[in-house]
Amino acid sequence: MGRISRGALRPVALAALMGSIALPAVADELFYVAGGVGKQAEHFKELVKPWEERTGHTVTLVPMPQSSSDQFAQYRLWLAAGTKDVDLYQTDVIWAPQLSEYFVDLSEAAKDIVGEHFPSVIESQTSDGKLVALPLYTDAPALYYRTDLLEKYGKEVPRTWAELTETAKLIQDGERAAGQGDLWGFVWQGNAYEGLTCNALEWVKSFGGGQIVEADGTVSINNPQAVAALELAAGWIGTISPRGVLAHKEEEARGVWQTGNAVFMRNWPYAFALSGGADSAVKDKFNVAPLPAGTEEAGSAATLGGWNVAVSKFSTKQEAAVDLALYLASAEAQKRRALLDGNLPTVVALYDDAEIAEAVPLIPRWKEVFADAVPRPSGPTKNKYNEVSSKFWSAVHDTLSGNGSAAENLELLELELSDMQGSGW
């Protein structure tokens with residue numbers, strides 16, 4: 001992989017420095033790669049400004065594609081090539097076991113702050129005793145719903161996917177008859193990428209169909225409950241969800257929702273603040289709830305997400321890069337990120353922060369969602385997770401698109417995963 005063209009990157013302006021601040025003898029310019037949704041990239045400058053002012057270093061954000069799958073592929077190319085041009089990588093919660101060999105062990109540097117974070121998040125970023133990355137924020141999706149439309153039609157927030165299907169169709173048909181021809185019942189992320197793995201895992205798990213590959217390594221995806229979950233979702237296409245949902249990622253779904261053209265949306269916490277913005281057609285007309293259950297016995301399921309920061313072992317500015325990572329994982333930076341983007345902190349004490357609760361009421365509200373969080377099978381499948389996920393989302397996308405039935409596609413998927421597993425993951 002060739003070197004990143006620094007001239008092609010827009011530099012982050014260094015804020016005016018106060019004379020009393022002791023600056024390093026040599027100021028480093030760090031390059032930080034990250035994807036982003038909503039206004040996260042725009043807010044990054046504001047987030048790192050206090051650190052830049054304190055240290056004299058500067059940070060340039062290198063934007064990545066929105067798709068986490070595309071990000072991972074690019075990261076692998078750069079890291080395998082040993083590029084020195086990137087100092088810090090923003091990483092998905094599932095990537096730690098797959099990329100650990102390329103990142104600095106942060107165990108010693110972060111020993112005084114790891115106790116402030118949710119233990120499960122720290123554990124998720126630890127691979128073979130090495131702290132691969134530090135948490136920036138955690139994530140779990142919820143059901144966004146139109147309070148005005150549910151009230152108008154006398155409907156409760158759906159507790160099951162079957163109820164959602166029925167309510168979405170009722171309101172969609174009623175509003176279209178009244179002239180709202182662009183309204184859809186339910187939007188979500190149906191593109192063939194990691195986001196579809198997240199959506200479909202929620203359907204399958206909430207029907208009692210397992211987690212694709214179980215904690216002991218067993219391939220579990222081919223079962224009647226999983227088939228039923230995918231058959232229900234396939235029935236949404238062209239009825240309560242536009243056919244275009246098969247190309248939707250997070251931002252496309254939010255676009256439909258925020259222009260007032262959806263009754264329900266499945267999305268992550270970042271969409272909450274944006275949905276309540278001055279330019280939003282659904283401002284003061286929506287709320288969130290846990291995702292519906294497939295069956296009462298299985299309950300709701302929300303895929304555990306989150307993003308972290310890792311320091312490249314190829315960086316020639318590791319001291320400054322580690323310091324920036326510690327700052328971004330700190331309570332100070334996580335509070336700023338919560339207020340700017342509505343991201344959920346991993347610092348436990350921030351859930352009792354009065355300023356956050358007032359400015360971003362979704363954060364204390366999301367505790368109920370986290371109770372139903374389910375991890376993707378990156379632990380048991382280790383370095384093969386991305387291939388496992390790709391095969392899963394491809395089978396799901398084929399089913400949703402009408403290319404084979406759920407039963408046929410899951411049977412083929414089971415054979416592929418079992419072959420990939422071999423004698424062990």
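The values are calculated or read from the model by the stated rules, or taken from the named source; none is laboratory data. Note that this is a predicted model, so its numbers are computed, not measured. Reconstructed Cβ throughout: ideal geometry from the backbone, glycine too, with neighbour counts over all protein chains shown. With ligands, DNA and RNA removed, areas are computed over all heavy atoms of the protein, side chains included. Shrake-Rupley method; radii C 1.70, N 1.55, O 1.52, S 1.80 Å.
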(request) Scan around Ser107 for amide H atoms under 5 Å from its own, H built in the peptide plane at 1.01 Å from N, and keep only partners 5 or more places away or cross-chain. (result) Leu131
(request) Can you tell me the 0 to 90 degree angle between the C-alpha axis of helix 331-341 and the longest principal axis of the chain, rounded to 10? (result) 50 degrees
(message) Can you give me the accessible area per residue for the range 44-108, using a 1.4 Å probe, in Å²?
(response) 33 Å²
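Quick one: longest stretch of the chain between exposed loop trypsin sites (Lys or Arg not before Pro), exposed meaning at most 12 other C-beta atoms within 10 Å and loop per DSSP?
Details: sites that count: Arg3, Lys111.
The reported range is 112-425.
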(message) Taking only the Cα atoms of the range 239-315, how large is their convex hull per residue, in Å³?
(response) 167 Å³
(request) Please express the Cα-Cα pair-distance distribution P(r) of the range 280-373 as a list of whole percents, one per 5 Å bin, running from 0 to the bin with the greatest distance. (result) 2, 11, 17, 17, 16, 14, 10, 7, 4, 2, 0
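Over all distinct alpha-carbon pairs, what is the Kirkwood Rh of the range 149-221 in angstrom?
On the way: mean 1/r = 0.0688 Å⁻¹.
Radius from the Kirkwood sum: 14.5 Å.
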(request) Report ³J(HN,Hα) in whole Hz for each residue of the range 376-382, in order, from the Karplus equation J = 6.51 cos²θ - 1.76 cosθ + 1.60 where θ = phi - 60°; Gly and Pro get x. (result) 6, x, 6, x, x, 8, 6
(message) Compute the angle between helix 68-80 and the longest alpha-carbon principal axis of the chain, please, reported from 0 to 90 degrees and rounded to the nearest 10.
(response) 30 degrees
(message) What whole-number volume per residue, in cubic angstrom, does the convex hull of the C-alpha atoms of the range 372-425 give?
(response) 90 Å³
(request) Name the residue, out of Asp70, Asp28, Asp112, whose mean-square fluctuation peaks in a Gaussian network model built on the chain with Cα pairs under 10 Å. (result) Asp112
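List the GluC sites (Glu not before Pro) within the range 257-328 that fall in a DSSP loop (any state other than H, G, I, E or B) and whose Cβ has at most 15 other Cβ atoms within 10 Å.
Working: sites: Glu296, Glu297, Glu319; in loops: Glu296, Glu297.
Passing both the DSSP loop test and the Cβ count: Glu296, Glu297.
Quick check on the range 63-117: what are the equivalent-ellipsoid semi-axes from the Cα gyration tensor, as sqrt(5λ), descending, whole Å?
Whole-Å semi-axes of the equivalent ellipsoid: 23, 14, 10.
Kirkwood hydrodynamic radius, computed over distinct alpha-carbon pairs, for the range 120-264: how many Å, to one decimal? Kindly include the intermediate steps, with their values, before the conclusion.
Values: mean 1/r = 0.0586 Å⁻¹.
For the range 120-264, inverting the mean 1/r across all distinct Cα pairs yields 17.1 Å.
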(request) Using DSSP to define loop residues, name the GluC sites (Glu not before Pro) in the range 104-202 whose beta-carbon has at most 15 other beta-carbon atoms within 10 Å. (result) Glu108, Glu156
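Taking the Cβ of Val37 as the centre, find all other residues whose Cβ is under 10 Å away and add up their charges (Lys, Arg: +1; Asp, Glu: -1).
On the way: positive: Lys39, Lys249, Arg254; negative: Glu250, Glu251, Asp341.
Value of the local net charge: 0.
Rounded to the nearest 500 deg cm²/dmol, what is the calculated helix-only ellipticity per residue at 222 nm for the chain, with -39500 (n - 2.57) per DSSP H run of length n ≥ 4? All intermediate terms of the calculation are to be shown ahead of the outcome.
Values: 18 runs with 174 residues, N = 425.
Counting only the DSSP helices, I get -12000 deg cm²/dmol.
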(message) With equal scatterers on the alpha carbons only and no solvent term, can you work out the Debye log10 of I(q)/I(0) for the range 335-425 at 0.12, 0.19, 0.25 1/Å?
(response) -0.63, -0.84, -1.15
(request) Take the chain, compute every pairwise Cα distance, and split them into 20 Å bins from 0; I just need the percent in each bin. (result) 26, 56, 18, 1
(request) Scan around Phe286 for amide H atoms under 5 Å from its own, H built in the peptide plane at 1.01 Å from N, and keep only partners 5 or more places away or cross-chain. (result) Thr147
(message) Tell me the angle of helix 40-55 to the major Cα principal axis of the chain, expressed in degrees between 0 and 90 and rounded to the nearest ten.
(response) 20 degrees
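Give the whole-number value, in cubic angstrom per residue, of the convex hull volume spanned by the C-alpha atoms of the range 89-197. Display every interim value, and only then the final one.
Working: hull volume 17.7 nm³, N = 109.
Output value, Cα hull per residue: 162 Å³.
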